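Notes for the one structure printed next.
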Amino acid sequence: MVRRVAEELILTFTGKDAPGITAQLSRILAQGGARLNDVEQVVVQGLLTLGFAVEVDEAEPVLKELLFAAKALGLQLEFRRLPPGHESPRERYALTVIARTLTPASLQAVAEALAAHHANIERIHRLSEGGLACVEFAVSLEPGASEAALKAALLEAAGKGAFDCALQRETLLRRSKRLVVMDMDSTLIRIEVIDELARAHGVGEQVAAITRRAMLGEMDYDQSLRERVALLEGLDAGVLAELSANLPLTEGAETLLRVLKRLGYRTAVISGGFSVAAEALQKRLGIDFAWSNTLEVSPDGKLTGRVVGPIVNAQRKAQILEELSQREGVPLDQVIAIGDGANDLLMLQKAGHGIAFHAKPKLREAAHTAISAMGLDAILYLLGITGRDIASLDQT
């Protein structure tokens, strides 16, 4: 007796959604002895798309029953037979697209970049609530395709529009981050504390000039910090305390920290800024850890113009991140680091996912992901957290 070779079918049902559709169609498949390889169902504004990937020994009777059932249910059925040996392993990714309001032009730019790099879109679904601000693409790449080239193309497309793109391998680790560390000045808060102190002390231009020289590579970070802090000598420490008590938070900072805390994430500030400000934020936002530079204060309450202890520079930031990761028992793959400046580069590269937040082009290109169009709470979307999830947390 010749054994019949099983056929592989892709079945796609479309039409108006109603209760019981999936039950009736799956009953027919079960009665026909079908083996289920995949299933996916999506409902958009009451319109159903239901897909099955099945293997059947005798396809014609099953297809006949499904066609009759689809007609009775008011659905359209499209099916195709897959050739033997069609399967080829593909790398799977999650592509998160974020904007104030996503437009057809934004989706076009993303889809064209994906097509140009032979990336297949398997699914698109909305993450935002109350408006189309974020969608997630399930994407697959052919074996040997360049992830770096696709990321560069998406970054270029995002740079031409008012949206952000984040491409991440779709693995368990993407949704199981446990530690989030962040810079403070121009990341967690909207200002640079040293600039505000310099203006209050009447040395704003001198401090800005040193900053420019450092950015041009004419001096290293440690030297530039010491020279800028030296110009603050004699400033009443009360000015720093008052400033630290009223720091302007970056958009979305409170939402990000509130949700992370509710979900059990550990959080830290690792900053080249100053400890009075970092500790004030730690208390205000419920942050677990804070590292920063300490300004020396004289007995009469004036800044001496010196930093106490080792400077928290780029190397020290990366070192602290690694030490904290080990101490908390969190693998680096499960750490997110967020920063805006060159001083954050090593920290971002050390983390499993480094996010350049409203950063200069060089840092955006070097980081795993760049956020430039939205606030800090957009980072929750990168973790697969939806707007509905956030609203549900707030209600409870």
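The values are calculated or read from the model by the stated rules, or taken from the named source; none is laboratory data. These figures come from a predicted structure and were not determined experimentally. Because the Cβ atoms are built from the backbone with ideal geometry, glycine has one as well, and the counts that use them run over all protein chains shown.
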Leu256 being closer than 24 Å to Ile311 by Cα and outside any strand (DSSP E or B):
no
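Results for (1) over 30 Å from Ile385 (Cβ atoms); (2) assigned by TED's automatic domain parsing to the domain that holds Gly387, shown as yes or no for each residue.
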{"position": "Ala200", "(1), (2)": "yes, no"}
{"position": "Thr211", "(1), (2)": "yes, no"}
{"position": "Glu218", "(1), (2)": "yes, no"}
{"position": "Ala241", "(1), (2)": "yes, yes"}
{"position": "Thr267", "(1), (2)": "no, yes"}
{"position": "Ser271", "(1), (2)": "no, yes"}
{"position": "Ala277", "(1), (2)": "no, yes"}
{"position": "Leu281", "(1), (2)": "no, yes"}
{"position": "Phe289", "(1), (2)": "no, yes"}
Exactly one of these conditions fails for Leu232: (1) buried (at least 20 other Cβ atoms within 10 Å of the Cβ); (2) of a type in the set (A, V, I, L, M); (3) under 21 Å from the mean Cα position of the chain (by Cα). Give me its number.
(3)
Residue ranges of strands (runs of 3 or more DSSP E) in region 1-76 with at least 2 members among the aliphatic types (A, V, I, L, M) and without any contact (Cβ under 8 Å) to a residue 40 or more places away in the chain
35-44, 47-56
Testing Glu122 on (1) over 21 Å from Ile10 (Cβ atoms); (2) of a type in the set (Asp, Glu); (3) without any contact (Cβ under 8 Å) to a residue 60 or more places away in the chain, one condition comes back false. Which one is that?
(1)
If you check Arg212 against the conditions, is it within 17 Å of Ile379 (Cα to Cα), assigned to a helix (DSSP H, G or I) and basic (Lys, Arg)?
no
Which condition breaks for Leu346 when tested against (1) within 18 Å of Ser271 (Cα to Cα); (2) in contact (Cβ under 8 Å) with a residue 40 or more places away in the chain?
(2)
Enumeration of residues in region 315-334 that are in contact (Cβ under 8 Å) with a residue 40 or more places away in the chain and of a type in the set (S, T, N, Q)
Ser325, Gln334
Do you know which residues across region 109-119 are of a type outside the set (D, E, K, R), in a helix (DSSP H, G or I) and either closer than 14 Å to Glu136 by Cα or in contact (Cβ under 8 Å) with a residue 24 or more places away in the chain (or both)?
Ala109, Val110, Ala111, Ala113, Leu114, Ala116
Can you tell me which residue is farthest from Leu363 (Cα to Cα) among those in region 113-131 that are surrounded by 16 or more Cβ atoms within 10 Å (Cβ to Cβ) and more than 17 Å from the chain's Cα centre (by Cα)?
Ala119
Please state which of the following conditions Ile320 fails to meet, knowing it meets all the rest: (1) among the β-branched types (Val, Ile, Thr); (2) in contact with a Leu (Cβ under 6 Å, 6 or more places away or on another chain); (3) within 27 Å of Arg190 (Cβ to Cβ).
(2)
Return the only residue of Leu95, Leu82 being buried (at least 16 other Cβ atoms within 10 Å of the Cβ) and touching a residue at least 60 places away in the same chain (Cβ under 8 Å).
Leu95
Condition met for Ala366 (surrounded by fewer than 20 Cβ atoms within 10 Å (Cβ to Cβ) and in contact with a strand residue (DSSP E or B) (Cβ under 9 Å, 6 or more places away or on another chain))
yes
If you take the residues of region 349-363 that are touching a residue at least 60 places away in the same chain (Cβ under 8 Å) and surrounded by fewer than 23 Cβ atoms within 10 Å (Cβ to Cβ), which of them is nearest to Thr171 (Cα to Cα)?
Gly352
Suppose we filter Leu243, Leu225, Leu197, Leu232 for residues that are outside any helix (DSSP H, G or I), within 18 Å of Thr294 (Cα to Cα) and in contact (Cβ under 8 Å) with a residue 40 or more places away in the chain; which single one remains?
Leu232
Test for Ser106: is it farther than 20 Å from Thr171 by Cβ and under 17 Å from the mean Cα position of the chain (by Cα)
no
Could you grab me the full set of residues in region 138-188 that are part of a strand (DSSP E or B) and without any contact (Cβ under 8 Å) to a residue 60 or more places away in the chain?
Ala138, Val139, Ser140, Leu141
